[in-house]
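The values are calculated or read from the model by the stated rules, or taken from the named source; none is laboratory data. Computed from a predicted structure; not experimentally measured. Reconstructed Cβ throughout: ideal geometry from the backbone, glycine too, with neighbour counts over all protein chains shown. For the accessible areas, the whole protein counts, side chains as well, though only heavy atoms, and no ligand, DNA or RNA atoms are used. Shrake-Rupley method; radii C 1.70, N 1.55, O 1.52, S 1.80 Å.
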Amino acid sequence: MKNIFILLVLSILCSSALYAQKIGYTDMEFITSKMPEYQAAQTEMKKFSDKWAKEIQDKYAEIDRMQRAYMAEEILLTDELKRKRQNEIKEKELEAGEYNSKIFGVEGLMFQKKKELMKPVLEKVQRAVTKVCSQRRLDFMFDKSSDVGMLYTNPKHDYSDYVMEELGIDPKGNKAGTSDKNAKPEQPAQQQPATPAQNSPKQKSTTSKLK
């Protein structure tokens, strides 16, 4: 009976500690779909995407034309001319592949343009999230439409320094230039927005769902 009472008390204490931290969530995919700035950025991105896709399509169409012309004339060409025409086709294929990677590859021009166009939108959304969390006294804000999830965290719940100390790492020595993050979790700290992943990414970040 005594053990049951102790477990009950511990359960109540744990529940109280949990409820002391306010957690909220939002749907960034739905929110951004209602933002005119987001729609404008999406329209602008489509223009660049269509333009670059057309350029790549034209390059491969030229390669196809060269291949068909070579096949039609192959029987009439000398070995030297055959090698020359084959090399020309290979060079065009390599050029088209490199251009495609330059535009649509990882960290390509399309990725850079998207990051440029979406930056003002993401900054506006992050300011709104931070303000709402401050007004509603939230410690954590999650995005249910994103794999990244975390949009905002209260720095007082950051236990990174303690973990680093446990590992024998000097927190100050590894956080040069970021002294504002060195405060212990129980010390009062000004609320700051969680650093978005870019991107990165998932980041995926908030941007990972801003399509």
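So which of 46, 59, 92 ends up being loosely packed, with under 13 Cβ neighbours inside 10 Å and out of contact with any Ser or Thr (no Cβ under 8 Å at 6 or more places or on another chain)?
Going through 46, 59, 92 in turn, the sole match is 46.
For the stretch 9-19, does any single residue satisfy the condition of being modelled with pLDDT of 95 or more and hydrophobic (A, V, I, L, M, F, W, C)?
Within the stretch 9-19 (the criterion being modelled with pLDDT of 95 or more and hydrophobic (A, V, I, L, M, F, W, C)), the answer is no, since none of the residues qualifies.
Return the total of residues in the stretch 104-119 being touching a helix residue (DSSP H, G or I) at 6+ places or on another chain (Cβ under 7 Å) and in a helix (DSSP H, G or I).
Residues meeting the conditions: 7.
Any residue at all in the stretch 37-51 that is more than 22 Å from the chain's Cα centre (by Cα) and either of a type outside the set (Val, Ile, Thr) or within 22 Å of residue 120 (Cβ to Cβ) (or both)?
yes
Within the stretch 127-166, how many residues are among the hydrophobic types (A, V, I, L, M, F, W, C), open to solvent by 30 Å² or more (accessible area, probe 1.4 Å) and at pLDDT below 80?
Residues that pass the stated criteria total 4.
Just to be sure, is residue 115 within 21 Å of residue 50 (Cα to Cα) and of a type in the set (Lys, Arg)?
So residue 115 passes the test.
Quick check: anything in the stretch 65-79 in a helix (DSSP H, G or I), surrounded by 14 or more Cβ atoms within 10 Å (Cβ to Cβ) and among the aliphatic types (A, V, I, L, M)?
yes
Cβ contacts < 6 Å: first residue farther than 29 Å from residue 119 by Cα, restricted to the stretch 44-64; second residue of a type outside the set (Val, Ile, Thr) and assigned to a helix (DSSP H, G or I), any location; separation 6+ or different chain. Result?
Once the first residue is farther than 29 Å from residue 119 by Cα and sits in the stretch 44-64, its partners that are of a type outside the set (Val, Ile, Thr) and assigned to a helix (DSSP H, G or I) give 59/96; 60/96; 63/92; 63/93.
Report every pair of residues separated by at least 6 positions or lying on different chains whose Cβ atoms are under 8 Å apart, first residue within the stretch 105-126 and open to solvent by less than 40 Å² (accessible area, probe 1.4 Å), second basic (Lys, Arg) and in a helix (DSSP H, G or I).
108/102
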